[in-house]
Amino acid sequence: MNDVLKKTLPCLLAVAAGAVIVHLCWPRKAEYGATTEPVGSVAAGRSVTPVNQILTPAGQQVELPKVRPQALALSPDGRLLVTAGKTPEIIVLNPADGTLRQRVALPSSKDNEPRPEPSSDLILNPDKDGQLSYTGLIFSPDGRRIYLSNVNGSIKVFHVAEDGKVSPLHSLALPESTAPGRKQEIPSGLALSKDGAKLYVCLNLSNSLAEIDTASGKVLRTFPVGVAPYDVVVRGGRAWVTNWAGRRPKADSQTGSIGRGTVARVDPVRGIASEGSVSVIDLVSGHLVREIMAGLHASALALSPDGKHLVVANSGIDTLTVIDTAGASVVTSLSARLSPAEPLGAQPNALAFSADGRKLYVANGTQNAVGVIEWDGDEPEDSKLEGLIPTGWFPGAVVADAREPRLYVANIKGPGSGKRLQGGEAVKFNTHQYLGSVSLIPLPDAAALKAHTAQVLANNRAPVIATALLPARPFQSARPVPERTGEPSLIKHVVYVIKENRTYDQVLGDMPEGRGDPALCIYGEKVTPNHHALAREFVLLDNTYCSGILSADGHNWAASGIATEYLERSFAGFPRSYPDNVEEHDVLSAASTGFIWDHCQRFGVSFLTCGEGVDTTIAWADPERKGKPGWLDVYRDWQKKGGACVVKNEARYPSLTKCLAPTPGWHAMISDSQRAAAFRELLAGWEKAGNMPAMTILYFPMDHTSGTAKNKPTPSASVADNDLALGQSIEALSRSKFWGETAVFCIEDDPQNGWDHVSGYRTISFVASPWTRKLGCVSTQYNQTSLLRTMELILGLPPMNQMDASATPMFDCFAGERDLTPYVCRANQVPIDQMNPGSEAVADARQREDALASDQLPLDEPDRCDEDQLNRILWRAAMGPAVEYPAWAAGRDED
């Protein structure tokens, strides 16, 4: 069989009653990265991520459970390698072999008196709530001290003894922040004077740099810098500070929130952060010498060993800005990608020079690699990215050993959470049991670097990205999902439904047609009849994943196909903001490529949002009426069309303002049935007008539930409400004049720390269309970027970034003939207004405790409560107190 024939078979020519005849040449799966592998560890040294990438890190890997390491420091004598992250301690490793030397608790926050030696009682009163902020971990020049930026407003100081033993010493108090929304400062990057007498601290909230006397702990001076200072380098009487969000706004600047009452300059069209800069401070005069414009998300700094050049990592645009230190001016800009023509997706966020200054190492977070740049100190513009070294998931710190030919890399997400192999045994960690790692990598020679580069390209699916960027071919037959951007599609309208927080096993685990565990299913067919009917009548997807783990990154993955380095570094309690919160959405959290609605507008594709990216508030229409409307108040007022409650919707981003439907966004007091009704009214209007947007996003968040809180719907009622809304919306679409050219794509925003026997990332997803492959299970591995890529192909949109470019389009979900049979919504079997009783009415002691706890949890806001606690509450509410919680399926819970 020749190659042409192989490519064109099987060709489908289908004729059926009411069917449209279509000639389809299905693409070769290999070209689009199709696989049925599950997410997680699949072999020793090989893991599959839920973002289309494979991890095969070079060198030796030191796994660090519950850490998310974001900073790395090597002692001046090369004996100690220290890291820190999402844990109230520092971790001390032997750099030669990676063995764990110590885990050292943070010194007490109550002990702010500097002392030369550690006191014996400090370890008895550790700061259990502290942890590293975004970055900030350094040794003193003599190696006797370690300084760490504590997210809770202080600098933690450790003592290093002659034998290398590290002990907690004391805390250095920082001034209260000047930001109106938070008193505790957020220290970030650190630098010491040459003699170690002065410590320079980026005060991320106060937009300033502090100078601290290390002997007395006193703040000597503060210097104003740009917005959200990240890193600092001190050299030649000057301090150089990167500003994540660029210059301070002027009175006439277009601004947006970055949380805690502070603002930054933004793109006036999209409303996302638009600058990055470097503030240059004369430490003698104390004056700001210059503000140098760098790139978006200016973050890490590296000074060349000869001191002539300073390099800035611009995470938001994949570039490095090179500054001449003598003239305080930009010399050139280097690309962190092998080819500048590639889409966004390197996210350089950490830098290190080799001791001889011949190499510059760049941690490309999103590519899971360290870039090796041949540095030309005489002509920096001639410096060249030679290749890439594979690392763990999202490298966030890199150190080059001056004594040994080794690199040390801190991988924020390590080998990834989920199933992995440990000593030949399968061990499970859920998405919130963070598992970082440190890589100890021998410096590669030219041949090894070439092999490493090939491995990184393969791991990141470079051939799939290249395929996604190919131009449209002429004379192509229309398909439901075209093979290339710009080729004709049989589908003209896509509806994208984003829901909240469920895993596959929790909802569809009872379906024997797929790979589910019925023992883990708490919202089975009785609660979710439409979820089950959609899976049976259209297609069951049992190998589809969320790419993020909570709303802050989940909605970015769902709507923009990528998570920024700012988000990845914000897991220290999201100190600046929780980006998906109604009051705290953060313009720094968005990728420079924007969201899918920005993408649609850029290419002239009509778009409407029904809740996604929308802030909603509810108040009584009568201003004299006290209190706030409760769930039943809002629900009954809606049923009666009474007008007692006023719902106000506001777009979070200016680009959404002109495509905002009168449909609520997140609000725990609004049922999804109300949202679905609002959508059906819109659809009826479109039918009359004969026109429907090319893309519509529906937001149905109530499967999040409100636990067992009093006067809130029971968890099963919340999920049943969500199920009914989905079913009603798809039925209405299927009976509309647009159905023959419509496809509905549905997925959760995140898995909410839930249990699943395959992976904590695995979720429920649906594809409903006349063109959907019917009555089957598809186990092709998909994730949120797969849905985005498929919709882009249908709408004629190119990829937004490397992540959706590398995604597997959902070709396997579509068939060659159209079936116009309308979907029939299944009635809910659980009353939507079934309410939780008060704790006093609950007989079982454990469930009564759950009710009391739910009353105290901040369930009216997304992701503010302890998710493990909420999941246990949901389990007992559904299964009763006698059935043991499946910790084995949610990961080992050692807390």
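The values are calculated or read from the model by the stated rules, or taken from the named source; none is laboratory data. Bear in mind the structure is a predicted one, so any value in this text is a computation, not a measurement. Glycine gets a Cβ as well: all are built from the backbone with ideal geometry, and neighbour counts include every protein chain shown. Only protein heavy atoms, including side chains, enter the accessible area calculation; ligands, DNA and RNA are left aside. Shrake-Rupley method; radii C 1.70, N 1.55, O 1.52, S 1.80 Å.
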Asp97 is checked against (1) open to solvent by 70 Å² or more (accessible area, probe 1.4 Å); (2) acidic (Asp, Glu); (3) at pLDDT 95 or above and fails just one. What number does that condition carry?
(1)
Any pair with Cβ under 9 angstrom, 6 or more apart, that starts in the range 440-460 at a residue that is farther than 14 Å from Ala369 by Cα and ends at one that is open to solvent by less than 60 Å² (accessible area, probe 1.4 Å) and β-branched (Val, Ile, Thr)
Ala448/Ile389
How many of the residues in the range 829-851 are in contact (Cβ under 8 Å) with a residue 60 or more places away in the chain and open to solvent by 60 Å² or more (accessible area, probe 1.4 Å)?
5
If the Cβ limit is 6 Å and pairs must be 6+ apart or interchain, which residue in the range 643-654 that is in contact (Cβ under 8 Å) with a residue 60 or more places away in the chain and within 15 Å of Ala590 (Cα to Cα) pairs with which residue that is of a type outside the set (Asp, Glu) and open to solvent by less than 50 Å² (accessible area, probe 1.4 Å)?
Arg652/His585; Arg652/Gly613; Tyr653/Gly271; Pro654/Gly271
Among the residues of the range 21-40, which ones are open to solvent by less than 30 Å² (accessible area, probe 1.4 Å) and either modelled with pLDDT of 90 or more or among the small types (Gly, Ala, Ser) (or both)?
Gly33, Val39, Gly40
Odd one out for Thr616, checked against (1) open to solvent by 10 Å² or more (accessible area, probe 1.4 Å); (2) at pLDDT below 95; (3) among the polar types (S, T, N, Q):
(1)
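Please enumerate the residues belonging to the range 263-291 that are among the hydrophobic types (A, V, I, L, M, F, W, C), crowded, with 24+ Cβ neighbours inside 10 Å and assigned to a strand (DSSP E or B). So that I can check it myself, show each step before the final result.
Here is the first cut: in the range 263-291, the ones among the hydrophobic types (A, V, I, L, M, F, W, C) are 263-264, 266, 269, 272-273, 278, 280-281, 283-284, 288-289.
From the residues that got through so far, the ones that are crowded, with 24+ Cβ neighbours inside 10 Å too are 264, 266, 272-273, 278, 281.
If the condition is that a residue be among the hydrophobic types (A, V, I, L, M, F, W, C), crowded, with 24+ Cβ neighbours inside 10 Å and assigned to a strand (DSSP E or B), then Ala264, Val266, Ala273, Val278, Ile281 are the ones that fit.
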Any residue at all in the range 336-355 that's surrounded by fewer than 16 Cβ atoms within 10 Å (Cβ to Cβ) and within 27 Å of Val280 (Cα to Cα)?
yes
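Can you tell me which residue is modelled with the highest pLDDT among those in the range 876-892 that are surrounded by 14 or more Cβ atoms within 10 Å (Cβ to Cβ) and under 13 Å from Asn753 (Cα atoms)?
Going through the range 876-892, the residues surrounded by 14 or more Cβ atoms within 10 Å (Cβ to Cβ) turn out to be 876-879, 881, 885-887, 889-891.
Imposing the further condition that a residue be under 13 Å from Asn753 (Cα atoms) reduces the set to 886-887, 889-891.
Values: Pro886: 88, Ala887: 82, Ala889: 82, Ala890: 77, Gly891: 63.
The residue in question is Pro886.
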How about the range 462-575: which helices (runs of 4 or more DSSP H) wholly inside it have at least 3 residues that are more than 30 Å from Gln367 (Cβ to Cβ)?
504-508, 529-537
Candidate set from the range 852-867 (those that are open to solvent by less than 40 Å² (accessible area, probe 1.4 Å) and assigned to a helix (DSSP H, G or I)); member that is nearest to Arg773 (Cα to Cα):
Glu867
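Residue-wise test of (1) out of contact with any Pro (no Cβ under 9 Å at 6 or more places or on another chain); (2) β-branched (Val, Ile, Thr); (3) open to solvent by 30 Å² or more (accessible area, probe 1.4 Å).
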{"site": "Leu106", "(1), (2), (3)": "no, no, no"}
{"site": "Arg115", "(1), (2), (3)": "yes, no, yes"}
{"site": "Pro126", "(1), (2), (3)": "no, no, yes"}
{"site": "Phe139", "(1), (2), (3)": "no, no, no"}
Here are some residues: Ser133, Ser188, Ser208. Which one is open to solvent by less than 30 Å² (accessible area, probe 1.4 Å) and over 18 Å from Arg569 (Cβ atoms)?
Ser208
Are there strands (runs of 3 or more DSSP E) fully within the range 580-657 with at least 2 residues that are among the aliphatic types (A, V, I, L, M) and within 21 Å of Asp721 (Cβ to Cβ)? List them.
614-620
